[in-house]
């Protein structure tokens with residue numbers, strides 16, 4: 001599939017999610033029993049409670065919300081060099097950021113020729129987006145409306161699935177793949193386990209957006225590695241400041 005992949009027809013993306021409420025005490029009383037049942041399946045020891053496990057609510061679309069969607073796409077500049085542009089939709093108003101994301105898809109990626117690409121996207125990003133879009137009372141864009149479609153009709157690309165080569169035993173993180181493929185990534189950033197704290201406690205959404213954007217770039221770089229292509233150089237990436245070194249390691 002990658003041999004015939006047109007990178008100019010791929011929209012790379014990553015999302016960041018958090019629990020819908022700052023802490024368990026803020027959860028509406030009518031919702032607490034549902035989270036309690038979910039937490040019972042997550043519990044691994046007697047000390048675990050619905051309250052102590054609430055920090056994990058963000059990974060479930062029924063109990064979390066999206067605070068950032070970062071996307072990236074490749075274009076060819078006048079000299080024939082590949083250029084990568086990144087854009088983010090973020091904020092406290094999930095409905096508004098989803099509306100803007102949907103507008104992007106319907107306006108520029110609704111021709112049936114484009115693909116969405118994410119890491120573990122088929123298990124997380126794509127279904128989470130679709131569920132939150134419906135929960136917010138919005139119409140699903142064609143690229144996420146996959147009901148009734150055959151697998152080969154679904155316009156999704158998942159770098160983790162590509163790496164599995166049919167092996168479904170293990171999860172392989174984006175950070176690990178970036179390491180073994182010598183894709184430079186920042187060493188002083190947050191990781192997924194920090195996002196809820198940085199959002200609800202530190203109130204530093206901009207830091208999360210920067211982290212999300214860097215993941216989008218890493219996903220694109222990983223696809224280039226899978227294709228045997230050179231990595232993108234810093235001069236060919238439009239990434240909001242502060243930037244970080246991404247010079248290709250060959």
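The values are calculated or read from the model by the stated rules, or taken from the named source; none is laboratory data. Only a predicted model underlies this, so the values are computations on that prediction, with no experimental measurement involved. All Cβ positions, glycine included, derive from the backbone under ideal geometry; neighbour counts span all protein chains shown.
Summary table
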read-out: Strands (runs of 3 or more DSSP E) enclosed by the range 1-95 - at least 2 residues per element that are surrounded by fewer than 21 Cβ atoms within 10 Å (Cβ to Cβ); value: 64-76, 82-90
read-out: Any hit, the range 176-183, residues being in contact (Cβ under 8 Å) with a residue 24 or more places away in the chain and more than 19 Å from residue 215 (Cβ to Cβ); value: no
read-out: Single residue of the range 198-250 satisfying the filter (part of a helix (DSSP H, G or I) and modelled with pLDDT under 90) that is nearest to residue 23 (Cα to Cα); value: 234
read-out: Single residue of 191, 145 found to be without any contact (Cβ under 8 Å) to a residue 40 or more places away in the chain, closer than 15 Å to residue 15 by Cα and under 19 Å from the mean Cα position of the chain (by Cα); value: 191
read-out: Residue within the range 137-145 that is at positive phi and modelled with pLDDT of 95 or more present; value: yes
read-out: Residue within the range 170-178 that is surrounded by fewer than 10 Cβ atoms within 10 Å (Cβ to Cβ) and either in contact with a strand residue (DSSP E or B) (Cβ under 6 Å, 6 or more places away or on another chain) or modelled with pLDDT under 85 (or both) present; value: yes
read-out: Scan of the range 105-157 for residues that are surrounded by 13 or more Cβ atoms within 10 Å (Cβ to Cβ), within 25 Å of residue 224 (Cβ to Cβ) and out of contact with any helix residue (DSSP H, G or I) (no Cβ under 7 Å at 6 or more places or on another chain), ordered by number; value: 121, 123, 124, 125, 154, 157
